[in-house]
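Here is the structure we will look at, set down as structure tokens.
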Amino acid sequence: MKIPTPGKPVRGSKTGQPIMALLDLLGRNWAMGIVWHLYQGPSTFRRLQEYCESISPTTLNKRLKELRESYLIERTVDGYTLTQHGKELYELIEPLGGWARHTWAKNFEDRDN
């Protein structure tokens, strides 16, 4: 599977609209979780694997490569870390996470009770 790139066809967009390319990338197994975790600070491969619980080393390597080639993370002497673009992305999606937990999820709690 190739890395989603703006301007090239991706899931949901034949023209590769930038937002669709980004959502394609972040929708891959553990991609968003890796970004979320790295916002806390640098992490080694082993710590990321522990954080992601069920991820195989092959899949983790693939996600790290995709996120590096997408300019969202980089490898440093301390491990993997978010780039400035990665930090900006996290700060944009973090409120969405709060909304999902506190607003959207309540619809399901109310429905199930």
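When TRP99, TRP104 are checked against the criterion of being in a helix (DSSP H, G or I) and modelled with pLDDT under 90, a single residue qualifies: TRP104. Does SER43 satisfy the criteria of being within 12 Å of the chain's Cα centre (by Cα), of a type in the set (Ser, Thr, Tyr), surrounded by 17 or more Cβ atoms within 10 Å (Cβ to Cβ) and modelled with pLDDT of 90 or more? So SER43 does not fit the description; no. The set of residues from segment 69-80 being surrounded by 12 or more Cβ atoms within 10 Å (Cβ to Cβ) and without any contact (Cβ under 8 Å) to a residue 12 or more places away in the chain comprises GLU74, ARG75.
Scanning segment 1-40 for residues that are within 25 Å of PRO57 (Cβ to Cβ), surrounded by fewer than 17 Cβ atoms within 10 Å (Cβ to Cβ) and of a type in the set (A, V, I, L, M, F, W, C) returns MET1, TRP36. Cβ-Cβ contacts under 9 Å between residues 6 or more apart (or on different chains), taken from a first residue in segment 38-56 that is touching a residue at least 40 places away in the same chain (Cβ under 8 Å) and at negative phi to a second residue that is assigned to a helix (DSSP H, G or I) and hydrophobic (A, V, I, L, M, F, W, C), are listed as LEU38/LEU48; LEU38/LEU67.
I'd like to know if segment 18-30 contains one or more residues that are without any contact (Cβ under 8 Å) to a residue 40 or more places away in the chain and touching a Cys at 6+ places or on another chain (Cβ under 6 Å). Within segment 18-30, one or more residues are without any contact (Cβ under 8 Å) to a residue 40 or more places away in the chain and touching a Cys at 6+ places or on another chain (Cβ under 6 Å).
The values are calculated or read from the model by the stated rules, or taken from the named source; none is laboratory data. Everything quoted here is computed from the prediction, not taken from an experiment. Don't worry about glycine lacking a Cβ; one is built from the backbone with ideal geometry, like all the others, and counts go over all protein chains shown.
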